[in-house]
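What follows is one structure encoded as structure tokens, with my remarks underneath.
The values are calculated or read from the model by the stated rules, or taken from the named source; none is laboratory data. A quick note: this is a predicted structure, and the numbers were derived from the prediction, not measured. Counting neighbours? That spans all protein chains shown, and the Cβs are built from the backbone with ideal geometry, glycine included.
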Amino acid sequence: MGARHFLTLSDLSPDELTALLKRAIELKAMQRAGVRHEFLKNKVLAMVFEKSSTRTRVSFESAMIQCGGGAIFLSPRDTQLGRGEPIEDTARVLSRMSDVIVVRTFEHEKLERFAAHSGVPVINALTDKYHPCQVLADLQTYIEHRGSIKGKTVAWVGDGNNMCHSYIEAAGLFSFHLRVSTPPGYDPDHALLRNAKSVELVRDPMQAAHGADLVVTDVWASMGQEEEQAARARDFADYQVNGKLMARAKPDALFMHCLPAHRGEEVSAEVIDGPHSVVWDEAENRLHAQKALLEKLLA
Ligand code: CP
Ligand code: NVA
């Protein structure tokens, strides 16, 4: 079929990723300057979302509108997907009517099956395993605030989840050092860790944050884990990113969170609303990074 997909960060080479982030920064400047760039004119984006979303949905829909195209949002509730139409058939049909498809779903394997049957590029808008679009925005944000992330130390504090997995991939692709600090029982995928470059598990969050250039966290219970919320709140109690933890990082360390955030759980209000935090730039950059991604995949 030959379409180029973006299911994980590794679907692009380190050079391509670096160029993409440079382009995202350019597209942001163009947008600010009011320069029109209608490279998506007459293009259609189909958006299959089996989980809730604010940022991912709005950033993709805005990107399509601002760049001259259109987006169609599809939830299982209103489509035949919710009534059992196979994912493979949905992929075949949507790819005959649209130019690019974004999918947010549960099992990563389901996304892979979708992509295998799509004749147009498929983008991962989050699965249980990875969230690569978010990490593109995070890296754009780091570069804008501090320059290259190469050789820097990033502390991931919290759950070994989809965001953590995309950070593990990013460490090798962007040559930064990643310390992953998760409570026992919440480690990231060990197979991924085994193949990872410059990633270490540091159980003690204070030790993980020591001298870090960037501290990142995410919710303790991801979408689909709502029933584990109470147990997780207990298990993650020592893994909150608060003022004491940030004080261990470099004085000019940045704090990121993909959002939505729960103040008083994974992050204290003083950190997310404080001077280290760049979460609003990080959220905005979803728009610019994804425009650059669409440009790359549709080139
Ligand atoms: N960070 C992120 O993906 O947010 P949404 O779930 O709101 O899309
Ligand atoms: N880990 C979170 C990220 C939300 C953007 C989740 O999967 O729910």
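General remarks:
- Some residue of region 8-24 being closer than 20 Å to L136 by Cα, within 16 Å of ligand 2 (Cβ to nearest atom) and either in a loop (DSSP other than H, G, I, E, B) or among the aliphatic types (A, V, I, L, M) (or both): yes
- Qualifying residue in region 91-108 (condition: in contact with a helix residue (DSSP H, G or I) (Cβ under 8 Å, 6 or more places away or on another chain), of a type in the set (D, E, K, R) and part of a loop (DSSP other than H, G, I, E, B)): yes
- Matching residues, region 126-140, being of a type in the set (S, T, N, Q) and surrounded by fewer than 24 Cβ atoms within 10 Å (Cβ to Cβ): none
- Any hit, region 50-61, residues being loosely packed, with under 15 Cβ neighbours inside 10 Å and in a loop (DSSP other than H, G, I, E, B): yes
- Screening region 264-293 for residues that are within 16 Å of ligand 2 (Cβ to nearest atom) and more than 14 Å from the chain's Cα centre (by Cα) and picking the one that is surrounded by the most Cβ atoms within 10 Å (Cβ to Cβ) gives V267.
- Filter result for the condition that a residue is touching a helix residue (DSSP H, G or I) at 6+ places or on another chain (Cβ under 8 Å), part of a loop (DSSP other than H, G, I, E, B) and either within 16 Å of ligand 1 (Cβ to nearest atom) or under 26 Å from E16 (Cα atoms) (or both), over A221, A283, A249, A292: A221
- When A171 is tested against (1) aliphatic (A, V, I, L, M); (2) touching a Ser or Thr at 6+ places or on another chain (Cβ under 7 Å); (3) within 17 Å of I149 (Cβ to Cβ); (4) not in a helix (DSSP H, G or I), only condition (4) is not met.
- Matching residues in region 224-246 - criterion: being among the hydrophobic types (A, V, I, L, M, F, W, C) and not in a loop (DSSP other than H, G, I, E, B): A230, A231, A233, A237, V241, L245, M246
- Qualifying residue in region 142-149 (condition: basic (K, R), crowded, with 21+ Cβ neighbours inside 10 Å and under 28 Å from K28 (Cβ atoms)): no
- Within the set M163, M206, the sole residue that is among the hydrophobic types (A, V, I, L, M, F, W, C), surrounded by fewer than 19 Cβ atoms within 10 Å (Cβ to Cβ) and closer than 23 Å to V278 by Cβ turns out to be M206.
- Qualifying residues in region 37-64 (those that are among the β-branched types (V, I, T) and in contact with a Pro (Cβ under 9 Å, 6 or more places away or on another chain)) - the one nearest to ligand 2 (Cβ to nearest atom): T54
- Residues of region 15-49 that are under 22 Å from H108 (Cβ atoms) and surrounded by 13 or more Cβ atoms within 10 Å (Cβ to Cβ): L17, L20, L45, A46, M47, V48, F49.
- Candidates in region 38-66 are the residues that are more than 16 Å from ligand 1 (Cβ to nearest atom) and touching a residue at least 40 places away in the same chain (Cβ under 8 Å); of these, the one that is nearest to F114 (Cα to Cα) is A46.
- As for region 84-97, it holds at least one residue that is away from ligand 2 (no atom under 16 Å from the Cβ), at pLDDT 95 or above, over 24 Å from M223 (Cβ atoms) and among the basic types (K, R).
- The residue pairs whose first member lies in region 144-170 and is touching a residue at least 24 places away in the same chain (Cβ under 8 Å) and on the phi > 0 side of the Ramachandran plot, whose second member is among the acidic types (D, E) and within 12 Å of ligand 2 (Cβ to nearest atom), and whose beta carbons are closer than 8 Å, counting only pairs six or more residues apart or on different chains, are G158/D218; G158/E266.
- Region 116-168 - residue that is over 16 Å from L17 (Cα atoms), in a loop (DSSP other than H, G, I, E, B) and of a type in the set (S, T, Y) and, of those, farthest from ligand 2 (Cβ to nearest atom): S118
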